[in-house]
Amino acid sequence: MGACLSHRIKSVSPSTCISSSASRNGNNISCSSSKEFSASIPQTPRSEVEILQSLNLKTFTFSELRTATRNFRPDSVLGEGGFGSVFKGWIDEQSLKPTKPGTGIIIAVKRLNQEGFQGHKEWLAEINYLGQLHHPNLVKLIGYYLEDEHRLLVYEFMVRGSMENHLFRKGSHVPPLSWCIRMKIALGAAKGLAFLHNAKTQVIYRDFKTSNILLNSNYNVKLSDFGLARDGPTGDKSHVSTRVMGTYGYAAPEYLATGHLTAKSDIYSFGVVLLEMLSGRRAIDNNRPSGEHNLVDWAKPYMINKRRIFRVIDTRLQGQYSLNQAQEVANLALQCLAVEPKCRPSMDEVVTALEKLQELREMPKRNQKERRRNGINHSSGKPTT
Ligand SMILES: Nc1ncnc2c1ncn2[C@@H]1O[C@H](COP(=O)(O)OP(=O)(O)O)[C@@H](O)[C@H]1O
Ligand SMILES: [Mg+2]
């Protein structure tokens, strides 16, 4: 989105590694990109055409997507990022042909901005990963369009859009996300990341941030935007060497300094997002007073002091959490934000910690139900009559 886009650290020019004509001719992906596009599941490098053909994705025509989005109407824009704009459209569930608005199923169509920094490489990475990895916490990719310089991606529609909109949208009629929902979102996103890190060939997401966390009507999370994802290190390698890409405020300090990418970089970004959810503040916000621009730098000193944690927590959450819960979440965020990557937990550990927090929250409710079933008045503790 706007603010985050301006914080893009560095992006790849579409023409740096592979030209679109080469891709159409099905040439092997060459130079430094061969590693990047090696599929996460099959280990052998494959040609681009092979990758596209092997995936169960619909190949749309441009005219179908133009009709589905009513000529990419500006008022149907769902969001924008480094790759381009995302439009709302309608297709038939069975035939996947465009339908009239309000009929069939809703789709989200992401269209490459020709003037942007991203291009074919990111488009193919997204297809390669989302075409092969399926999980309840990853967005579903339905199909794509590729011709000349045009690059489009078609996804299932996520009715509540991105978490960024919910967390930071100012002056909107939408009530702020409750503590409970924030924790549910944190857990869903953590499960999505854990799935990627545990994949047969590990996947490092590399751009974990609130605008890439999408929400359906029940606030179930699906991670989207795999343009910057990379296969993790294999064999005895400890890291993958990359050009530094991602988003300021979210990228881990050691990755920024060295370009050495590991799954622990994602854990750091998760810590930043958890802190954003806890505080309702953006990772980078230059509109705040000096000393408060960088959320992590500002919040850390408060978070290590149990009695000062309240300074960090979103005031809109008042009365919705216990001191104990706030401390637990702040602690988890702090661990993820450890300067030393080895000190950060794994995503599995993060999932377990967040699940425990949810159980704690559900316990009183369960107890109440049980007490009622046993004929006990839950407010007085006396048996009901
Ligand atoms: N499937 C979708 N359903 C609803 N909104 C979406 C969907 N995909 C993207 N968006 C909106 O568009 C924005 C940009 O999408 P994203 O995939 O992150 O693009 P980019 O690769 O350009 O960053 C998201 O932050 C979200 O607001
Ligand atoms: Mg994005």
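Output the residues belonging to region 335-352 that are of a type in the set (A, V, I, L, M, F, W, C) and farther than 12 Å from Ile267 by Cβ. Walk me through how you get there before you give the answer.
Going residue by residue through region 335-352, those that are of a type in the set (A, V, I, L, M, F, W, C) are 336-339, 343, 347, 350-351.
Residue satisfying the conditions is Val339 alone.
Hey, can you tell me all the residues within region 88-132 that are hydroxyl-bearing (Ser, Thr, Tyr) and either more than 13 Å from ligand 1 (Cβ to nearest atom) or more than 17 Å from the chain's Cα centre (by Cα) (or both)?
Kept after step one, since they are hydroxyl-bearing (Ser, Thr, Tyr), are these residues of region 88-132: 95, 99, 103, 129.
Once the filter is applied, which keeps residues that are hydroxyl-bearing (Ser, Thr, Tyr) and either more than 13 Å from ligand 1 (Cβ to nearest atom) or more than 17 Å from the chain's Cα centre (by Cα) (or both), region 88-132 yields Ser95, Thr99, Thr103.
Among the numbered conditions (1) of a type in the set (A, V, I, L, M, F, W, C); (2) closer than 30 Å to Gln320 by Cα; (3) in contact with a Lys or Arg (Cβ under 7 Å, 6 or more places away or on another chain), tell me where Ala190 comes up short.
Unmet condition: (3).
Looking only at region 59-72, which residues are within 15 Å of ligand 1 (Cβ to nearest atom) and surrounded by fewer than 19 Cβ atoms within 10 Å (Cβ to Cβ)?
Result: Phe72, single match.
Do we find a residue being surrounded by fewer than 18 Cβ atoms within 10 Å (Cβ to Cβ) and closer than 22 Å to Asp231 by Cβ anywhere in region 137-152?
Yes - at least one qualifying residue is present in region 137-152.
For the structure I just gave you, tell me whether Tyr145 is outside any loop (DSSP other than H, G, I, E, B), away from ligand 1 (no atom under 15 Å from the Cβ) and not acidic (Asp, Glu).
Here the answer is yes, as Tyr145 does meet what is asked.
If we scan region 165-184, do we find a residue that is surrounded by 20 or more Cβ atoms within 10 Å (Cβ to Cβ), under 12 Å from the mean Cα position of the chain (by Cα), within 16 Å of ligand 2 (Cβ to nearest atom) and outside any strand (DSSP E or B)?
Checked against the condition, which is being surrounded by 20 or more Cβ atoms within 10 Å (Cβ to Cβ), under 12 Å from the mean Cα position of the chain (by Cα), within 16 Å of ligand 2 (Cβ to nearest atom) and outside any strand (DSSP E or B), region 165-184 yields no hits at all.
If you take the residues of region 224-255 that are in contact with a Ser or Thr (Cβ under 9 Å, 6 or more places away or on another chain) and assigned to a helix (DSSP H, G or I), which of them is surrounded by the fewest Cβ atoms within 10 Å (Cβ to Cβ)?
Glu254
Could you tell me which of the residues Arg206, Arg160, Arg243 is more than 14 Å from ligand 1 (Cβ to nearest atom) and among the charged types (D, E, K, R)?
Arg243
Within region 317-338, which residues are in a loop (DSSP other than H, G, I, E, B) and under 14 Å from Met303 (Cβ atoms)? Step through it out loud before you land on a result.
Within region 317-338, the first condition is being in a loop (DSSP other than H, G, I, E, B), and the residues that meet it are 318-322, 337-338.
If the condition is that a residue be in a loop (DSSP other than H, G, I, E, B) and under 14 Å from Met303 (Cβ atoms), then Leu337, Ala338 are the ones that fit.
Rule-based calculations on the coordinates, nothing more; no lab input. A quick note: this is a predicted structure, and the numbers were derived from the prediction, not measured. Here Cβ is always computed from backbone atoms with ideal geometry, including for glycine, and neighbour counts include all displayed protein chains.
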